[in-house]
C-alpha cells in the first residue's frame, strides 16, 4: 500500500518559502482575471505545502494589485465558516465566488463529521475563566478548555481565532491547542516585503537554501546540492517578463547572485515564448516537493 497520500497532510520538516513579485498581475486587465490567477496561485501554494508566501513590492507593482493579492489570499485561507464574521465586503473581493476552495485541513466540508478532522479552527464567542465557547462551524458552539501551557499563545478574547481539538463529539466539548503542537499542514502565511534587502538577509542565513527560477538557469540536477542540514528552501520567481534578479536592479542582483545557491530552469526547452509566474510555480514546486520528500524520509 502506497503511503504517498496521507490525510491530514504532515507539516514540512524543511520549510518552503515562495517569493513572488506583486507585478505578476500587471498583465491581467480586469479584476475578474486577476482573481482567477490568484486562485490558481493559492491552490499551487497549498498543494505543495508552502509555509509562507512573500509578496515582493517591485517597481512595476501597482498598489491596487497589492491590495487584490493580499485580500484574495487572506480570503482563501480563512475557513469558509469564519468568513462572514471576519471578512467585510470589499471591491477587491467582488469575484470571490469564482475562487476554487483550498480544501486544506482547516477547511472541513459542511457534511464532514467532527471526528473526521479532530482539530478545527474557530472563532471565540465567549470567554469564562479557563473555558471558551468557539464557533467551529458545527450545529452549536463547542465548549473548550484552555490548558495553562497554551493560554499565553492563543487569542483568548471574543473574536479571537483558536484551534480546538474535539474530545467529546456528542456533547461538543474540546480543548484549545497551540498551532505549534499541531502536526499537520495548516496552510501558508502571507506577508508583504517592500525591500529586497529583507529577502537578501533571509538568504544569508546558513541553513537557508536560496533557489532562483530563470529561463537562463541550469537543469534541475542543481537541486541535488540541497543538503540534508537545510532548514528552509526559499524560491524566487519573477513576473511574466523578467526574472526576479532583473526586477531588483544591478546592485541588488549582484548581491543576490552571491547568496542564491542555485539558478534553475524547471521547464527546459519550453514550447512558448514566455512562461507566466503561476505556470512556473506549479512546475517548480512539483520538483522541489519531490526533492524535499526524499530529504525528509531519509533522515
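The values are calculated or read from the model by the stated rules, or taken from the named source; none is laboratory data. Note that the coordinates shown come from a computational prediction; the quantities given were computed from them, not determined experimentally. Using ideal geometry, Cβ is built from the backbone for each residue, glycine included, and neighbour counts are taken over all protein chains shown.
Here are a few things to note about the model shown:
- Matching entry among 192, 154 (being in contact with a helix residue (DSSP H, G or I) (Cβ under 9 Å, 6 or more places away or on another chain) and under 30 Å from residue 61 (Cα atoms)): 192
- Evaluation of residue 203 against the conditions (1) without any contact (Cβ under 8 Å) to a residue 60 or more places away in the chain; (2) exposed (fewer than 15 other Cβ atoms within 10 Å of the Cβ) shows that the sole unmet condition is (2).
- Which listed residue, of 21, 8, is in contact with a strand residue (DSSP E or B) (Cβ under 7 Å, 6 or more places away or on another chain) and at pLDDT below 95: 8
Listed here are the residues, each with its yes/no results for (1) modelled with pLDDT of 90 or more; (2) on the phi > 0 side of the Ramachandran plot; (3) under 25 Å from the mean Cα position of the chain (by Cα); (4) surrounded by 13 or more Cβ atoms within 10 Å (Cβ to Cβ).
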site	(1), (2), (3), (4)
240	no, no, yes, yes
245	yes, no, yes, yes
252	yes, no, no, yes
265	yes, no, yes, yes
299	no, no, yes, no
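- Among the residues making up the stretch 45-74, those that are out of contact with any strand residue (DSSP E or B) (no Cβ under 9 Å at 6 or more places or on another chain) and either part of a helix (DSSP H, G or I) or under 20 Å from residue 293 (Cα atoms) (or both) are 46, 47, 63, 64, 65, 67, 68, 71, 72.
- Residue ID - nearest to the chain's Cα centre (by Cα), chosen from residues in the stretch 156-176 that are surrounded by fewer than 14 Cβ atoms within 10 Å (Cβ to Cβ) and within 16 Å of residue 85 (Cα to Cα): 159
- Looking only at residues in the stretch 209-228 that are assigned to a loop (DSSP other than H, G, I, E, B) and surrounded by fewer than 16 Cβ atoms within 10 Å (Cβ to Cβ), the one that is modelled with the highest pLDDT is 219.
Yes or no, residue by residue, for (1) out of contact with any helix residue (DSSP H, G or I) (no Cβ under 9 Å at 6 or more places or on another chain); (2) closer than 30 Å to residue 150 by Cα:
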position: 51; (1), (2): yes, yes
position: 54; (1), (2): no, yes
position: 65; (1), (2): no, no
position: 76; (1), (2): no, yes
position: 89; (1), (2): yes, no
position: 93; (1), (2): no, no
position: 134; (1), (2): yes, yes
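- For residue 281, the criteria (1) exposed (fewer than 13 other Cβ atoms within 10 Å of the Cβ); (2) at pLDDT 95 or above hold in every case but one, which is (1).
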